[in-house]
1. Could you please give the count of residues in segment B:34-67 that are touching a residue at least 24 places away in the same chain (Cβ under 8 Å) and either not hydroxyl-bearing (Ser, Thr, Tyr) or not in a strand (DSSP E or B) (or both)?
2. Buried (at least 18 other Cβ atoms within 10 Å of the Cβ), within 26 Å of B:Ile60 (Cβ to Cβ), at pLDDT below 95 and of a type outside the set (S, T, N, Q): is that true of A:Leu21 in this structure?
3. Which number in (1) closer than 24 Å to B:Gly40 by Cα; (2) small (Gly, Ala, Ser); (3) at pLDDT 95 or above; (4) not in a strand (DSSP E or B) marks the one condition that A:Ser80 misses?
4. Can you pull out the residues in segment B:68-96 that are in a strand (DSSP E or B), under 13 Å from the mean Cα position of the chain (by Cα) and either farther than 12 Å from B:His29 by Cβ or within 14 Å of another protein chain (Cβ to nearest Cβ) (or both)?
5. Look at B:Thr20 and say whether it is away from chain A (no Cβ under 14 Å) and either small (Gly, Ala, Ser) or surrounded by 12 or more Cβ atoms within 10 Å (Cβ to Cβ) (or both).
6. If we keep just the residues of segment B:97-112 that are among the β-branched types (Val, Ile, Thr) and assigned to a loop (DSSP other than H, G, I, E, B), which is farthest from B:Gln6 (Cα to Cα)?
7. Report yes if some residue within segment B:35-45 is surrounded by 14 or more Cβ atoms within 10 Å (Cβ to Cβ) and modelled with pLDDT of 95 or more; otherwise report no.
8. Pull out all pairs, ordered by first then second residue, where Cβ-Cβ is under 6 Å, the residues are six or more apart or on different chains, the first lies in segment A:78-95 and is more than 14 Å from chain B (Cβ to nearest Cβ) and in contact (Cβ under 8 Å) with a residue 60 or more places away in the chain, and the second is surrounded by 13 or more Cβ atoms within 10 Å (Cβ to Cβ) and assigned to a helix (DSSP H, G or I).
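The values are calculated or read from the model by the stated rules, or taken from the named source; none is laboratory data. Predicted model only: the values in this text are computed from it and were never measured. Reconstructed Cβ throughout: ideal geometry from the backbone, glycine too, with neighbour counts over all protein chains shown.
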Amino acid sequence: AQSVSQHNHHVILSEAASLELGCNYSYGGTVNLFWYVQYPGQHLQLLLKYFSGDPLVKGIKGFEAEFIKSKFSFNLRKPSVQWSDTAEYFCAGKGPGAGNMLTFGGGTRLMVKP
Amino acid sequence: DGGITQSPKYLFRKEGQNVTLSCEQNLNHDAMYWYRQDPGQGLRLIYYSQIVNDFQKGDIAEGYSVSREKKESFPLTVTSAQKNPTAFYLCASSIQTQETQYFGPGTRLLVL
């Protein structure tokens, strides 16, 4: 079965610290990968996505993610976090033959201390 | 404004009662989805619909039912057969041939 895993369930950082959230997927072949963010009380929003091409993907609000096929990973990074980045982050993926069905990771709650 | 609306934001029901959650979109998207979000488990797909009058079960369809009579509407009914219905329910939609899903604000259901 296709799966997406996020190993960090809770992360606490101070402002200006660097962020890296892990995401691993279990399937081979062509994959589409996404990072979504859910700010407190707000909609789930798309941060960035990877379909093909450059494995380093830039998203909104200074976030980026790198697709590393050999490691089945799609980690999310930000060089310097802000208090406003406090949110829950979800990695999601779609493998071959899955149609439009996305598989989500369990989410990572990030708290940034001012 | 274009987007996805879900109502109500909070819903309380007694155990054993069916309840219907609303999802409407004016994005002209063909595909619509229902997810359930529980702490630490991410989002799990309940049902999805790729076109009007058609829908498919997702990973956790037991105890739920849907209909897709109009392109813009995809209501979800949580039946009394659902063993643990208290959760946060998210609706999403996407253009049929693209992969990005856009989400509504969610409905928090509490069964007492």
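1. Total meeting the criteria: 11.
2. No, not satisfied.
3. All conditions are met except number (1).
4. Correct list: B:Leu76, B:Thr77, B:Val78, B:Ala87, B:Phe88, B:Tyr89, B:Leu90, B:Cys91, B:Ala92, B:Ser93.
5. Considered against the rule, which asks whether it is away from chain A (no Cβ under 14 Å) and either small (Gly, Ala, Ser) or surrounded by 12 or more Cβ atoms within 10 Å (Cβ to Cβ) (or both), B:Thr20 comes out as yes.
6. B:Thr97
7. Within segment B:35-45, one or more residues are surrounded by 14 or more Cβ atoms within 10 Å (Cβ to Cβ) and modelled with pLDDT of 95 or more.
8. So the pair list comes out as A:Lys78/A:Gly62.
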